[in-house]
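Let me begin by handing over the structure; questions about it come next.
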Ligand code: ADP
Ligand code: ADP
Ligand code: ZN
């Protein structure tokens, strides 16, 4: 299964991707996670992308495309992958098509988690992430058993710096560059839409059904 997840920032892509990865045993490839890991590790890539993430602006296409191309060449993608947060521009979508042709692969489907914009501010500002394992929580909608502590590994929860202040609204504006991808994939017969305003379990049930059909 070779999948792409589309959706506004805060739609629930990462939350659902973690479940899909577990259930279907395919690697979850998040460009946002890869960039944040590079910033933490203070690599050259981290230095290149930091100012973009801090402001909530998209990282330039050539940088992002190179990172994903390299990642898709890794052997763990042989039986499938789940791209989360990539592609985010038409240029990235076309580069992905070319890369998959070179690798003799194609997309099985594009999961589009649809939510009205009105729910996003509360989702983003309440989001908390485990420093240790990357699990996602929400102070109201998906609270951990102990405040500030990860249910899965006991790690400390933190708030992403771009989930506060100016960067939140900038990121929602940047989505204008991603919105055309809905039509791009619909035209190719790949789009599978899920209502992302339901509970996390209900959204996953919808995704599960779609993926069952894709697997045949
Ligand atoms: P994305 O990866 O699309 O930016 P996340 O999966 O990180 O979104 O979800 C954003 C925030 O909203 C997280 O704090 C998550 O716990 C919460 N969340 C995710 N899905 C739902 C849902 N269906 N209902 C309520 N809150 C949700
Ligand atoms: P969210 O989960 O809220 O959708 P991400 O973690 O996917 O956010 O992305 C965080 C930041 O990383 C973005 O604001 C952007 O700066 C950068 N980024 C992630 N994916 C891409 C991409 N495909 N193209 C350009 N920039 C990206
Ligand atoms: Zn954890």
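Which members of the range 40-60 meet the condition of being closer than 16 Å to residue 162 by Cα and within 11 Å of ligand 2 (Cβ to nearest atom)?
Correct list: 49, 50, 51, 52, 53, 54, 55, 56, 57, 58, 59.
Considering only the range 55-93, state which residues are under 21 Å from residue 176 (Cα atoms), more than 16 Å from ligand 1 (Cβ to nearest atom) and out of contact with any helix residue (DSSP H, G or I) (no Cβ under 7 Å at 6 or more places or on another chain).
60, 62
Being touching a residue at least 12 places away in the same chain (Cβ under 8 Å), assigned to a helix (DSSP H, G or I) and more than 8 Å from ligand 1 (Cβ to nearest atom) is the filter; apply it to the range 95-119 and report the residue that is surrounded by the fewest Cβ atoms within 10 Å (Cβ to Cβ).
Of all residues in the range 95-119, those touching a residue at least 12 places away in the same chain (Cβ under 8 Å) come to 95-96, 99-100, 103, 105-117, 119.
Cutting the leftovers down to assigned to a helix (DSSP H, G or I) gives us 95-96, 99-100, 117, 119.
Applying the additional criterion that residues be more than 8 Å from ligand 1 (Cβ to nearest atom) yields 95-96, 99-100, 117.
Working: 95: 20, 96: 19, 99: 15, 100: 14, 117: 11.
Applying the filter and picking the extreme gives 117.
Which condition number in (1) near ligand 2 (Cβ under 10 Å from one of its atoms); (2) closer than 26 Å to residue 159 by Cβ is the one that residue 37 fails?
Result: residue 37 passes all but (1).
Name the pairs: first residue in the range 6-17 and under 13 Å from residue 31 (Cα atoms) and touching a residue at least 12 places away in the same chain (Cβ under 8 Å), second residue near ligand 1 (Cβ under 6 Å from one of its atoms) and not in a helix (DSSP H, G or I), Cβ to Cβ under 6 Å, at least 6 apart or on different chains?
Cβ pairs passing all conditions: 13/7; 14/136.
Just checking, how many residues over the range 138-167 are within 14 Å of ligand 2 (Cβ to nearest atom), farther than 21 Å from residue 34 by Cβ and modelled with pLDDT of 95 or more?
1
Further, regarding this structure: What number of residues within the range 122-136 satisfy the criterion of being within 11 Å of ligand 1 (Cβ to nearest atom) and not in a strand (DSSP E or B)? Please lay out each step first, then the result.
Narrowing the range 122-136 to residues within 11 Å of ligand 1 (Cβ to nearest atom): 122-129, 134-136.
Subset that is not in a strand (DSSP E or B): 122-126, 134-135.
Within the range 122-136, residues that are within 11 Å of ligand 1 (Cβ to nearest atom) and not in a strand (DSSP E or B) number 7.
Right, something else. Does residue 182 qualify as being at pLDDT 95 or above, surrounded by fewer than 18 Cβ atoms within 10 Å (Cβ to Cβ), part of a helix (DSSP H, G or I) and within 16 Å of ligand 2 (Cβ to nearest atom)?
Details: at pLDDT 95 or above: yes; surrounded by fewer than 18 Cβ atoms within 10 Å (Cβ to Cβ): yes; part of a helix (DSSP H, G or I): yes; within 16 Å of ligand 2 (Cβ to nearest atom): yes.
When the stated conditions are applied, residue 182 passes them.
When you go through (1) in contact with a strand residue (DSSP E or B) (Cβ under 6 Å, 6 or more places away or on another chain); (2) more than 11 Å from ligand 2 (Cβ to nearest atom); (3) modelled with pLDDT of 95 or more one by one for residue 113, which number turns out not to apply?
Every listed condition holds for residue 113 apart from (2).
Another one. For residues in the range 137-170 being buried (at least 17 other Cβ atoms within 10 Å of the Cβ) and within 9 Å of ligand 1 (Cβ to nearest atom), which is farthest from residue 18 (Cα to Cα)?
163
The values are calculated or read from the model by the stated rules, or taken from the named source; none is laboratory data. Everything numeric here is computed off the predicted structure, so don't read it as measured data. Using ideal geometry, Cβ is built from the backbone for each residue, glycine included, and neighbour counts are taken over all protein chains shown.
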